[in-house]
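Report on the structure given below.
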Amino acid sequence: MRILGRVWERVRRLIPGVSGFEEDSEWSLDKSRQMETRWSRGDETIECFRFDDGYVTTVHDDRREVTWQLTPGQVPLASALATAQLYLEHRLTSQTDREGRPFIGLTDNGPVQVFEEIPPEPVEYVYLDQIRTLEEFPDFITVDESLRNVFDRMAPARSSSRTSS
């Protein structure tokens with residue numbers, strides 16, 4: 001399989017427009033279970049999975065043979081899914097402030113990463129680590145039926161025991 005990957009990489013470099021094929025393709029939900037969910041598109045895979053007392057979201061790029069975390073460690077499920085959806089929709093990875101909190105910049109044109117102390121345009125900082133429900137998602141992240149199903153499937157089961165009075 002690695003040989004085919006190398007061949008494909010060379011074809012993409014030699015033929016203009018071939019590399020755009022994967023960029024234009026849609027993300028597909030490959031797996032959604034209680035402990036993990038996986039989306040893929042071309043050579044990229046996003047995984048959101050339970051890790052200890054929280055959730056972690058990662059991206060793997062087969063082309064570059066690299067994996068990176070979208071979350072700065074374990075976060076609540078809704079926060080992990082928000083970082084996944086941010087990448088799925090906008091291809092952006094949240095940044096981390098000095099306290100280790102994930103954030104993204106928001107301009108009039110939508111979410112951005114901010115690499116300058118004084119950005120060239122006004123930026124509002126939106127923190128993603130305290131999101132506990134889908135209703136708390138920022139407006140620039142879409143909550144559709146598919147994401148609701150993933151959230152419901154992955155959410156820890158609530159205890160149904162009742163206390164008697």
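The values are calculated or read from the model by the stated rules, or taken from the named source; none is laboratory data. Here the structure is a predicted model, which means the values were calculated and not measured. A quick note on method: Cβ atoms are made from the backbone with ideal geometry, for glycine too, and the neighbour counts reach across all protein chains shown. Protein only, heavy atoms only, side chains kept; ligands, DNA and RNA dropped before computing areas. Shrake-Rupley method; radii C 1.70, N 1.55, O 1.52, S 1.80 Å.
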How much of the accessible area of region 68-124, probe 1.4 Å, is carbon plus sulfur, in whole percent? 46
Mind pulling the per residue volume of the convex hull built on the Cα atoms of region 38-165? Å³ is fine. 156
Which of N109, P120, V66 sits closest to the plus end of the dipole of region 34-124, meaning its Cα is farthest towards the positive end, when Lys and Arg get +1 and Asp and Glu get -1 on the C-beta? V66
Amide H to amide H under 5 Å from D30: which residues, 5+ apart in sequence or cross-chain, H placed 1.01 Å off N in plane? R38, W39, S40
Listed by chain and number, the residues whose amide H is under 5 Å from that of Y55, excluding neighbours fewer than 5 places away on the same chain and using placed H, are V75
Using the heavy atoms of the protein chains and a 1.4 angstrom probe, tell me the accessible area per residue for region 45-165 in square angstrom. 60
Assign unit charges at the C-beta atoms only (+1 for Lys and Arg, -1 for Asp and Glu), then state the dipole size of region 31-165 relative to its Cα centre in Debye, rounded to the nearest 20. 780
